[in-house]
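Throughout, read-outs are computed from the coordinates displayed, never taken from laboratory work. Please read these numbers as outputs of a predicted model, since none were measured by experiment. Here the Cβ positions follow ideal geometry from the backbone for every residue, glycine too, while neighbour counts run over all protein chains shown.
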């Protein structure tokens, strides 16, 4: 079974802190994604990566950066957390670059910035 | 954008009834996926239907795709309380880079 794990289920941070959200997949998938999910807005893509050290901006990259130093790990970084980044963050991976492959999701991290 | 738009936004039915959720999208696609999300959890893939398929079944799930109308539907037959979840359709991004475009989803409540 494919497994995608995220470092925390719940996280509380203060405004201005640097926040790292980690995602690890165990199936040698090329693609990895970071989404945020907010009520009424659905899932929105923040960044994705289709190879080690490769990254591409999604729909809402502002205020975020990512790192993919190893194939199995994709990190989302909030350089200076703000209250409007309070959200559910979901990581996903998929086997190939093409769109005809399903995405496997982690359990999510609910981040609260106070 | 290519965002899938689900309709209705919320649906409440009794156990045993069928639930139908609809999805519309904007541009040509070669496949479309449906996902389910239990409250506060990650999404789980349900089914993928290709553009040359009109209908696909998986257990109590039936998915249809009408490419001429740019629409898809998900039918859950004989619903159970455990089917209570949010359901999302996900057409692919036209860039064909593996990105999917998720909408707001349909929240289904199945009452025991």
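Can you tell me what the convex hull of the Cα atoms of region B:5-111 projects to on average, as an area in nm²?
With the hull built on Cα positions only, its mean projection is 6.3 nm².
Rounded, prolate or oblate, given the Cα gyration tensor of the protein assembly as shown, with a/c below 1.5 counting as rounded?
It is prolate, given that a/c is not under 1.5 and a/b is the larger ratio.
If a paramagnetic tag sat 7 Å from the Cα of residue A:73 along the Cα-Cβ line, which residues of region A:16-30 would have the backbone N under 20 Å from that point?
In region A:16-30, the label zone of residue A:73 (backbone N under 20 Å from the point 7 Å along Cα→Cβ) covers A:18-30.
Have a look at the DSSP beta bridges in region B:5-111 and tell me what percent are antiparallel, nearest 5. Walk me through the intermediate numbers first.
Numbers: 35 of 40 bridges.
Restricted to region B:5-111, the bridges split so that about 90 percent are antiparallel.
Taking beta carbons within 10 Å but only from partner chains, what does the mean come to for residues B:34-44?
Values: counts 0, 5, 0, 5, 0, 0, 6, 7, 14, 11, 3.
Neighbouring Cβ atoms belonging to other protein chains average 5 per residue here.
Using only Cα atoms, what Kirkwood radius does region A:36-114 have, in angstroms?
The Cα-based Kirkwood calculation yields 13.5 Å.
If the convex hull of the alpha-carbon atoms of region A:17-60 is projected onto planes in all directions, what is the mean projected area in square nanometres?
4.2
Short version: what are the Cα gyration tensor semi-axes of region B:13-70, square root of 5 times each eigenvalue, largest first, in whole Å?
So the equivalent ellipsoid measures 22, 15, 11 Å along its semi-axes.
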